[in-house]
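> Structure in structure tokens, see below.
The values are calculated or read from the model by the stated rules, or taken from the named source; none is laboratory data. Here the structure is a predicted model, which is why all the values come from computation and not from measurement. Here the Cβ positions follow ideal geometry from the backbone for every residue, glycine too, while neighbour counts run over all protein chains shown. Note: accessible area is taken over every heavy atom of the protein model, side chains too, but ligands, DNA and RNA are not part of it. Shrake-Rupley method; radii C 1.70, N 1.55, O 1.52, S 1.80 Å.
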Amino acid sequence: MQLVSFTLTRGADGNSSEVLYHHMKSTPSFTDKANVHRFSVQNELRSYRANINITHLQEQDTDLYHCVFNYRVEDRFPEIPSGTKFFLHVVSDVYGDIVFHQRETNDSVQIPCACPDACMTLSAFSFMRGADGNSSELLHHSVPSSKDEANDHRISVQSRSHRANITITSLQEDDTDLYHCVCHYRTDRSVLKIPGSTKLFLRVGN
């Protein structure tokens, strides 16, 4: 077989879209012209390899990426997917924006959790307390499910699609801490854990 070209696509199987097309005898062409200066290709097509570099990453670049190679076999041009798929997750900062909430003792607080709308199946999310590397899980919520595994009866959740609101009632001063959620995506081989978009610091008391 003779390798003729390859296509970089993004999105899950059955719902993917073309990002760039590169023929061995020409320069890459892009579906979105805005990507011309952000994407570059270093190909070794004679060795059946290609490296794609993306610069100036944005949150909307979060997606599943893979290549499809195009061959010539006599008068046919079969397309063969590469053996590797790559999930790229981009955040503007660690967990995105940090929100500060001040509450009095015995008040309640509602904390939002937004998971990236990735082209994978969202299976659950965890509500976490504490700084990175030293956090503990307060609540585990399966999707879809009406049953939560919470470590504190004061914690409840209302969820819809890739978003949820976690409520903590009867706040005490020792609830002061950093909170965030982690989204669990089911892949073919494992569960991928990705931080939610908001990290919140809660202070209770004066």
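> Residue 133 is checked against (1) modelled with pLDDT under 75; (2) open to solvent by 80 Å² or more (accessible area, probe 1.4 Å); (3) in contact with a Ser or Thr (Cβ under 9 Å, 6 or more places away or on another chain); (4) part of a loop (DSSP other than H, G, I, E, B) and fails just one. What number does that condition carry?
(3)
> Going through the range 17-35 one residue at a time, which ones are surrounded by 11 or more Cβ atoms within 10 Å (Cβ to Cβ) and without any contact (Cβ under 8 Å) to a residue 12 or more places away in the chain?
29, 30
> Here's a follow-up. So which residues in the range 173-194 are in a strand (DSSP E or B) and surrounded by 13 or more Cβ atoms within 10 Å (Cβ to Cβ), if there are any at all?
177, 178, 179, 180, 181, 182, 183, 184, 185, 186, 192, 194
Residue-by-condition table, conditions (1) outside any loop (DSSP other than H, G, I, E, B); (2) at pLDDT 85 or above; (3) in contact with a Ser or Thr (Cβ under 6 Å, 6 or more places away or on another chain):
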position: 4; (1), (2), (3): yes, no, no
position: 9; (1), (2), (3): yes, yes, yes
position: 14; (1), (2), (3): no, no, no
position: 18; (1), (2), (3): yes, yes, yes
position: 25; (1), (2), (3): no, no, no
position: 34; (1), (2), (3): yes, no, no
position: 40; (1), (2), (3): yes, yes, no
position: 43; (1), (2), (3): yes, no, no
position: 46; (1), (2), (3): yes, no, no
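> Within the set of pairs 6+ apart or on separate chains, which have a first residue in the range 153-170 that is within 18 Å of residue 116 (Cβ to Cβ), a second that is acidic (Asp, Glu), and C-beta atoms under 6 Å apart?
162/117
> Taking the criterion of being within 20 Å of residue 100 (Cβ to Cβ), over 22 Å from the mean Cα position of the chain (by Cα) and aromatic (Phe, Trp, Tyr), would at least one residue in the range 184-203 satisfy it?
yes
> Could you grab the pairs with beta carbons closer than 6 Å, sequence gap of 6+ or different chains, first residue in the range 65-76 and farther than 14 Å from residue 3 by Cβ, second one among the aromatic types (Phe, Trp, Tyr)?
From residues that are farther than 14 Å from residue 3 by Cβ, the pairs are 65/86.
> If you take the residues in the range 51-64 that are over 16 Å from the mean Cα position of the chain (by Cα) and assigned to a loop (DSSP other than H, G, I, E, B), which one is nearest to residue 5 (Cα to Cα)?
Looking at the filtered set, the residue picked out is 55.
> Working carefully through the options 159, 146, 170, 197, find the one that is part of a loop (DSSP other than H, G, I, E, B) and either at pLDDT below 85 or surrounded by 14 or more Cβ atoms within 10 Å (Cβ to Cβ) (or both).
Going through 159, 146, 170, 197 in turn, just one is part of a loop (DSSP other than H, G, I, E, B) and either at pLDDT below 85 or surrounded by 14 or more Cβ atoms within 10 Å (Cβ to Cβ) (or both): 146.
> Tell me the residue from 75, 93 that is of a type outside the set (A, V, I, L, M), at pLDDT below 85 and under 24 Å from residue 197 (Cβ atoms), please.
93
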